[in-house]
1. FRET efficiency for residue 71 and residue 364, Cβ-Cβ distance as r, R0 = 30 Å, nearest 0.05?
2. To the nearest 10 Å², what's residue 434's accessible area with a 1.4 Å probe?
3. Starting from the Cα of residue 44, step 7 Å along the direction of its Cβ; do the same at residue 113; then give the gap between the two resulting points in nm.
4. Would you mind calculating the gained length between residue 64 and residue 371 on full extension (0.36 nm times residue separation, minus the Cα-Cα distance), in nm to one decimal?
5. Give the accessible area for residue 444 in Å² (nearest 10); use a 1.4 Å probe, count only protein heavy atoms, and leave out ligands, DNA and RNA.
6. Given H placed 1.01 Å from N in the peptide plane, which residues other than close sequence neighbours of residue 332 have an amide H under 5 Å from its amide H?
7. Roughly speaking, what is the centre-to-centre gap between segment 338-354 and segment 215-279 when only Cα atoms are used, to the nearest Å?
8. Taking 0.36 nm per residue of separation and subtracting the Cα-Cα distance, what length does fully extending residue 222 through residue 183 add?
Amino acid sequence: MKNFLGVLVVLALGVLVGIAMQRYWFDMPGMNSVTPTPVHADKKVLYYRHPMTPSITSERPLKDSMGMDYVPVYADETANTAQASGSATVTISPAVVNNMGVRTATAQRVPLARRINSVGYVGYDEDRLHHVHLRTEGWVENLAVKFAGARVKAGDLLFELYSPKLVNAQEEYVQALSTGNKFLLSASRGRLRALGVPDDLIGRLEKTRQVEQRVKSFAHSDGVVKELNIREGMFIDPATEAMSLVDLSSVWVMADIFEQQAQWAELGQQAEMRIASMPGKVWQGQVDYIYPSLDPVTRTLKLRLRFDNPDELLKPNMYADVIIADAAKQGTLSIPREAVISTGDGQRVIIALGAGKFVPRTIKSGIEAGERIEITDGLSEGESVVVSGQFLIDSESSLKAGLDRLTSVTQTTPSPVSGTTNPVQTAIGTGIVKAVDNTKLNISHGPITSLNWPAMTMDFQLANPRLADGITAGMRIEFEFSQNKVGAYVIRKLTPIAQEGS
């Protein structure tokens with residue numbers, strides 16, 4: 001009886017073990033020949049990808065060499081990224097976007113005027129600067145101006161001069177008047193004028209016939225005494241600059257602009273000026289002169305601006321902030337200047353696609369005006385660009401695109417034996433063209449990492465003979481190629497690379 005019970009126990013354990021083994025065996029991946037019904041049964045399958053190597057795809061359900069099912073890829077999984085530029089698209093979760101402080105702005109059409117911002121300093125208007133020189137020697141008497149900076153008005157007495165030559169010239173003119181000889185009168189009158197005697201003094205001589213021992217010098221216009229080089233009783237000659245007077249009702253402002261802005265400046269352009277010590281006050285002027293050469297040290301171009309100064313608030317040697325602007329261009333597509341990422345080979349921006357997706361795009365820019373920059377190509381009105389955090393996104397996008405370029409892109413062709421797919425690799429390389437034929441190129445290329453190729457020289461067939469248009473021996477190119485069904489390597493795309501120094 002005990003033996004019989006033992007047999008029953010053994011049989012029961014065997015049955016349980018058999019059931020467990022059966023369930024384990026049929027639940028192993030690849031052992032069940034029935035393909036499970038997809039979870040997304042109501043969605044369209046675009047293709048099937050290899051479960052371990054996503055670059056290998058198929059148009060119909062398959063199993064890999066280990067019996068694992070290919071993974072279906074549905075239409076809605078790629079719809080959101082159809083407008084993105086391939087693998088350079090970056091997806092960031094909303095929480096990370098918020099933590100990064102990502103801000104966006106919209107490309108808009110607004111009036112835009114190119115502006116030059118510069119600093120300058122106020123100087124004298126040299127067209128209103130007058131130097132006082134004498135045409136004969138003598139002694140200064142009755143100096144009315146005592147110091148530099150003194151203010152004078154037109155007709156004010158500056159000083160008197162005693163000169164023996166002027167006294168003698170007056171006496172000769174009086175004698176000529178008494179003789180009535182027209183020739184002598186003309187000659188003596190001409191001598192007086194040559195010595196700088198004013199016409200009103202000559203008129204008094206004709207009336208009074210009295211010689212004046214001292215000749216008076218008067219101010220020609222309103223202004224201030226810029227320099228005073230004489231003192232009471234000083235002997236001076238024509239080489240002595242007695243004093244200089246300047247009218248401050250108009251001033252010059254000298255401003256320097258960068259070399260790359262030199263083509264923006266034009267005569268007559270409107271200019272605005274602000275002085276830090278007088279906030280809120282704005283002066284309107286214009287570009288009066290553009291100097292013909294650049295400063296060899298600072299590499300800047302000097303401009304001369306003219307501003308009216310009727311109340312004389314502007315003092316020479318004041319520092320000023322200057323803005324020179326063109327007429328505004330209407331309807332200009334522009335974005336904030338901080339959104340543009342400048343690189344060695346161009347400019348680009350980061351486009352915000354929504355739902356945390358971003359993609360870089362190459363643009364061409366035009367004029368800059370304040371905090372905005374014109375976009376001439378690469379953007380449309382209403383598109384959103386990233387203005388804060390774009391450098392981090394751009395770095396991530398560049399890294400992702402670089403890794404994808406190193407990883408070969410694959411296509412699929414049916415295998416005549418198994419009916420599965422074999423990858424046909426597409427790779428990118430750079431090299432120098434050695435020889436050109438209508439159907440092929442001989443290229444000395446560098447290492448191609450995605451194929452584990454070393455540097456070598458070899459022939460590549462051309463997918464289209466027109467790819468060779470404009471290509472000559474010695475030219476450096478970047479080319480995309482793949483292997484066709486018979487094993488030949490065929491160039492699908494190529495782009496010349498500019499040589500350094502060209």
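1. On the way: r = 41 Å, r/R0 = 1.38.
Efficiency computed from Cβ-Cβ geometry: 0.15.
2. 110
3. 5.4
4. Working: separation 307, 0.36 × 307 = 110.52 nm, distance 5.68 nm.
That pair, residue 64 and residue 371, stretches by 104.8 nm at full extension.
5. 40
6. Correct list: 110, 112.
7. Result: 48 Å between the Cα centres.
8. Details: separation 39, 0.36 × 39 = 14.04 nm, distance 3.89 nm.
Extra length from residue 222 to residue 183 when fully extended: 10.1 nm.
The values are calculated or read from the model by the stated rules, or taken from the named source; none is laboratory data. A quick note: this is a predicted structure, and the numbers were derived from the prediction, not measured. Note: ideal-geometry Cβ built from the backbone for every residue, glycine included; neighbour counts use all protein chains shown. Areas reflect the complete protein model, heavy atoms only, side chains present, ligands, DNA and RNA absent. Shrake-Rupley method; radii C 1.70, N 1.55, O 1.52, S 1.80 Å.
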